[in-house]
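Right, one structure below, let's go through it.
The values are calculated or read from the model by the stated rules, or taken from the named source; none is laboratory data. Keep in mind that what you see is a predicted model, and the values were worked out from it rather than measured. Using ideal geometry, Cβ is built from the backbone for each residue, glycine included, and neighbour counts are taken over all protein chains shown. Remember, those area values only see protein heavy atoms, side chains included, never the ligands or the DNA or RNA. Shrake-Rupley method; radii C 1.70, N 1.55, O 1.52, S 1.80 Å.
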Amino acid sequence: MATFWRAFPCSKAELDLGLTLACGQSFRWAMVPGAISGVLAGRVWRLSQTDTHIRYQVIGHVGDKPTPSRPGRKNQKRKSNTPIEPNNETVQKKIKSEKNVDTKKQTEMMTQAMTSNTEGTKISKIKTEDTEEVTLKTEAGLTEDDICISVLRDYFQLDVKLTDLYEQWCKADPHFKQVSPNFTGIRMLRQDPVENLFSFICSSNNHISRISGMVERLCEAYSTQQYELYGVTYYAFPTVSALAGKGVEERLRKLGFGYRARYISETAQYIMKQGGESWLYNLRTLTYEEAKAELMKLSGVGAKVADCVCLMSLDKTGAIPVDTHVWQIVNRDYKHKLGTTKTLTDKTYKEIGDFFRQIWGPYAGWAHSVLFAADLRRFQERKTSPEKKAVAKKSVKKKKSR
């Protein structure tokens, strides 16, 4: 197995790994020494970055077929002038989360890991272990390196020029202009719809660390493909057919899923009746309104979860998931009457989405994710100006010297 670090150009303004992978879009990336690790497209990855490059390493494969074919962007129209590259879709992510590390500390460690290991950024291969590199050829004649870069570019949607979008949003929205300098490089992931859907079914009345634990237990219980290295087991996400089997609800209840166990089981069974995973992937070819309506037929999927799936895995860039964070943002930062209503009705939910879509345009869902991340407790220190941070450090030093 090849164990070389490789790199390709990508500035932190276009992609900040530490922010993007820790802001609640996905739940199976975690910090390991000097990097973030997870399962994506049937491969076990380590990722890190410098100011100018994304660095990656594939340390193993989960299952025999690491690059399944999925319906994707081919012949799909997009509300952007940015070119769409051929798709190499994702089966995605897994990592054993370090236990006994609080969420805030792990987020800080994750962000630090993304900027460490800067030595050697000008070379494309760095041998880190005493193993022989293996070059694989695919049916299309692509090397394994070609596929890996394509997978990462697709997953992080690097065909979209993020800095141009930030510039547009700053011109259209004074509040975004004020917040965004401390939160550059946040982009939407293009996730596997199966993992994205079932992960967000677990998100109901939950917080990020607990969702991560549930998704982890789901993989341990029902994944049939795994890879073990140094005592750590990496799992592919379970198939829909596995989650649709007999006794799933009962087993998940025993694993602590509560009422979500029924949602997972019933949703998997419904999808199988529609023809299986291909039905879910084909929602990418529908309009936003059509895809959302189909998702809301699933057990445990309301407007917010449907919008999360539309935005994060079905290429609906204007979808805006509205939760308590977004509701508060509308009231606190935009002084809009929609944020002062007593309950979040279906009508208010849609009006909030339309309000932001009118300001931010076709990629409103991406802009929303920046403000959502900025509102998370784990990232509050980023809002402190460099001048205030310097004063705070001096104050701490004085207290220690007394």
Considering each residue of segment 156-178, count those that are crowded, with 20+ Cβ neighbours inside 10 Å and under 26 Å from ARG377 (Cα atoms), and give that number. 6
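Yes or no: ALA221 under 17 Å from GLU277 (Cα atoms), surrounded by 15 or more Cβ atoms within 10 Å (Cβ to Cβ) and at pLDDT 95 or above?
Details: under 17 Å from GLU277 (Cα atoms): no; surrounded by 15 or more Cβ atoms within 10 Å (Cβ to Cβ): yes; at pLDDT 95 or above: yes.
For ALA221, the condition - under 17 Å from GLU277 (Cα atoms), surrounded by 15 or more Cβ atoms within 10 Å (Cβ to Cβ) and at pLDDT 95 or above - is not met.
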Hey, VAL194 hits all of (1) farther than 18 Å from PHE27 by Cα; (2) of a type outside the set (Phe, Trp, Tyr); (3) in contact (Cβ under 8 Å) with a residue 40 or more places away in the chain but one; which does it fall short on? (1)
Has segment 182-200 got at least one residue that is closer than 19 Å to ARG377 by Cα and open to solvent by 30 Å² or more (accessible area, probe 1.4 Å)? yes
Mind checking whether some residue in segment 1-11 is more than 13 Å from TYR155 (Cβ to Cβ), at pLDDT 95 or above, open to solvent by 40 Å² or more (accessible area, probe 1.4 Å) and assigned to a loop (DSSP other than H, G, I, E, B)? yes
The conditions are (1) modelled with pLDDT under 95; (2) in contact with a strand residue (DSSP E or B) (Cβ under 8 Å, 6 or more places away or on another chain); (3) more than 19 Å from PRO193 (Cβ to Cβ), and ARG28 fails exactly one of them. Which is it? (3)
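Out of all the residues in segment 229-239, is one or more touching a Phe, Trp or Tyr at 6+ places or on another chain (Cβ under 9 Å), farther than 29 Å from PRO33 by Cβ and either surrounded by 20 or more Cβ atoms within 10 Å (Cβ to Cβ) or not hydroxyl-bearing (Ser, Thr, Tyr) (or both)?
Going residue by residue through segment 229-239, those that are touching a Phe, Trp or Tyr at 6+ places or on another chain (Cβ under 9 Å) are 233-239.
From the residues that got through so far, the ones that are farther than 29 Å from PRO33 by Cβ too are 239.
Pick out the ones that are also either surrounded by 20 or more Cβ atoms within 10 Å (Cβ to Cβ) or not hydroxyl-bearing (Ser, Thr, Tyr) (or both) and you get none.
Looking through segment 229-239, none of the residues is touching a Phe, Trp or Tyr at 6+ places or on another chain (Cβ under 9 Å), farther than 29 Å from PRO33 by Cβ and either surrounded by 20 or more Cβ atoms within 10 Å (Cβ to Cβ) or not hydroxyl-bearing (Ser, Thr, Tyr) (or both).
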Being at positive phi and not hydrophobic (A, V, I, L, M, F, W, C): is that true of GLY34 here? yes
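Answer yes or no: is there a residue in segment 358-372 that is within 23 Å of GLU266 (Cα to Cα), open to solvent by 10 Å² or more (accessible area, probe 1.4 Å) and not aromatic (Phe, Trp, Tyr). Give the steps one after another, and end with the answer.
Start the filter on segment 358-372 by keeping residues that are within 23 Å of GLU266 (Cα to Cα), which leaves none.
Within segment 358-372, not a single residue is within 23 Å of GLU266 (Cα to Cα), open to solvent by 10 Å² or more (accessible area, probe 1.4 Å) and not aromatic (Phe, Trp, Tyr).
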Output the residue which, of all residues in segment 31-47 that are among the β-branched types (Val, Ile, Thr) and either closer than 20 Å to ASP145 by Cα or at pLDDT 95 or above (or both), is surrounded by the most Cβ atoms within 10 Å (Cβ to Cβ). VAL39
From the option list LYS316, LYS292, single residue qualifying as open to solvent by less than 30 Å² (accessible area, probe 1.4 Å), touching a helix residue (DSSP H, G or I) at 6+ places or on another chain (Cβ under 6 Å), within 23 Å of ARG187 (Cα to Cα) and of a type in the set (D, E, K, R) is LYS316
